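Let me begin by presenting the structure, written as C-alpha cells, before commenting on it.
The values are calculated or read from the model by the stated rules, or taken from the named source; none is laboratory data. Keep in mind the model is a prediction, meaning the values are calculated, not measured. Here the Cβ positions follow ideal geometry from the backbone for every residue, glycine too, while neighbour counts run over all protein chains shown. Each accessible area value is taken on the protein alone, full model and side chains, heavy atoms only, with ligands, DNA and RNA left out. Shrake-Rupley method; radii C 1.70, N 1.55, O 1.52, S 1.80 Å.
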Amino acid sequence: MPSNRIASLDLLKWLALAAMVLDHLSYLAPEYLASLIFPGRLAFPLFCGVIAAHAFRQPPGSLTDSKNWEYLKRLIVFGCVSQLFFLLYLEQPQANILFTLAIGLALALAYHHRASHIGVWALLIGVLAFGYSWRELISYGLSGILLPMAFVYAMKERTVETWLLPASLAFSANMPNATAVYLLIVKPDLMLASEPFVRLLWQGGIAALSCFLVLWLCRQPLRFKVPAVTRWAYWFYPSHLLCLLLTKLAFFR
C-alpha cells in the first residue's frame, strides 16, 4: 500500500524536535549552554508550520473531521501531562508549547474552513478572543497563536510577499512584549546598546528566517525518504522534559 506521508513534513518535524531539545538544553546549565537557545528558536515556527500544513491540506468543509478532533485532543492531553515538568524545569509561569499549538491549530482550521459554514466564523472569533484574554499565560503570546493561521494564509496565496506575515509574527513572538518592539522602532540606538535586547533580536531574527525555511520546504518534492515522525512524538515531549528535570536536580543544583 503506498504511503501518503509527505517527506518534507517529516523532515520539518525532525528539525523541530532537534531544535526543541537544543532550546531546552539551554536551561539546563545556562552558564555553559545558553548559546543553544539560538538554534532552539527554530523549533516553534517549525512546529507551527507542520500544523498549518495539516490544515492547509484538507478539503474545504472538513472542519469536523475526526482527525482534527484527535489532533486537538492529543495536543491538549499531552500538554496537561507535560505542564508540571515544564513548570519545574523551565521555571516559567506559563502554559507549555502544546497549548499554544492547540489554540493555533484551532485558529488555522477555522480560517481554512471559514467559507464552508457561517458558524466557523464564530469559532474563529471565539478562539481568537480566548487567546487574547489569556495571552500573558500562553507561551509566545498572541503572536504565537496567530502564527499557524499566518502560515496557512501564506500557503494559500503562494507568493513570497505573504511569507513576511508569518516571519513578522515569529519575530514578535520572541519579543518580551509589544513595548520592546515599539522602542526598537522609536529608539533603536538605545535598544541596540543593550546586550540582552540584542540577544532577543538575534533570537527573533532566527525564528523569522525559519518561517521562510518552512514555506520553501513545504513546496519541495523531496526525492529521498525521511523516517516517519508518528504519535511517539507526543510522548517524547513530556519524557524529554522529565529527563532534563531529573538531570538538573541531580547535577545542577
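Below, the figures for the structure above:
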{"read-out": "First in the range 25-52 and on the phi < 0 side of the Ramachandran plot and surrounded by fewer than 16 Cβ atoms within 10 Å (Cβ to Cβ), second anywhere and of a type outside the set (A, V, I, L, M, F, W, C) and part of a loop (DSSP other than H, G, I, E, B), Cβ under 6 Å, 6 or more apart", "value": "L33/S26; A34/S26"}
{"read-out": "Qualifying residues in the range 222-238 (those that are open to solvent by less than 60 Å² (accessible area, probe 1.4 Å) and not in a loop (DSSP other than H, G, I, E, B)) - the one farthest from L84 (Cα to Cα)", "value": "A233"}
{"read-out": "Within the range 125-141, tally of residues that are crowded, with 19+ Cβ neighbours inside 10 Å and part of a helix (DSSP H, G or I)", "value": "4"}
{"read-out": "Single match in A53, A34 (criterion: aliphatic (A, V, I, L, M), assigned to a helix (DSSP H, G or I), more than 15 Å from the chain's Cα centre (by Cα) and within 23 Å of G144 (Cβ to Cβ))", "value": "A34"}
{"read-out": "Inter-residue pairs, beta-carbon under 7 Å, first free of Cβ contacts under 8 Å to residues at least 12 places away in the same chain and under 15 Å from F47 (Cβ atoms) and in the range 89-108, second among the charged types (D, E, K, R) and buried (at least 22 other Cβ atoms within 10 Å of the Cβ), 6+ apart", "value": "none"}
{"read-out": "Every residue from the range 82-118 that is open to solvent by 50 Å² or more (accessible area, probe 1.4 Å) and part of a loop (DSSP other than H, G, I, E, B)", "value": "E91, Q92, P93, Q94, R114, A115, S116, H117, I118"}
{"read-out": "Pairs where the first residue, in the range 149-160, is farther than 19 Å from G131 by Cα and the second is open to solvent by less than 40 Å² (accessible area, probe 1.4 Å), C-beta under 6 Å, 6+ apart", "value": "A154/T162; A154/W163; A154/P166; A154/L215"}
{"read-out": "Residue count, the range 12-24 (criterion: within 21 Å of A150 (Cα to Cα) and surrounded by fewer than 22 Cβ atoms within 10 Å (Cβ to Cβ))", "value": "2"}
{"read-out": "Residues satisfying the stated conditions in the range 66-75, i.e. touching a residue at least 24 places away in the same chain (Cβ under 8 Å) and either loosely packed, with under 15 Cβ neighbours inside 10 Å or of a type in the set (D, E, K, R) (or both)", "value": "R74"}
{"read-out": "Search result, residues across the range 165-219 that are modelled with pLDDT of 70 or more, of a type in the set (V, I, T) and either surrounded by 14 or more Cβ atoms within 10 Å (Cβ to Cβ) or in a loop (DSSP other than H, G, I, E, B) (or both)", "value": "I206, V214"}
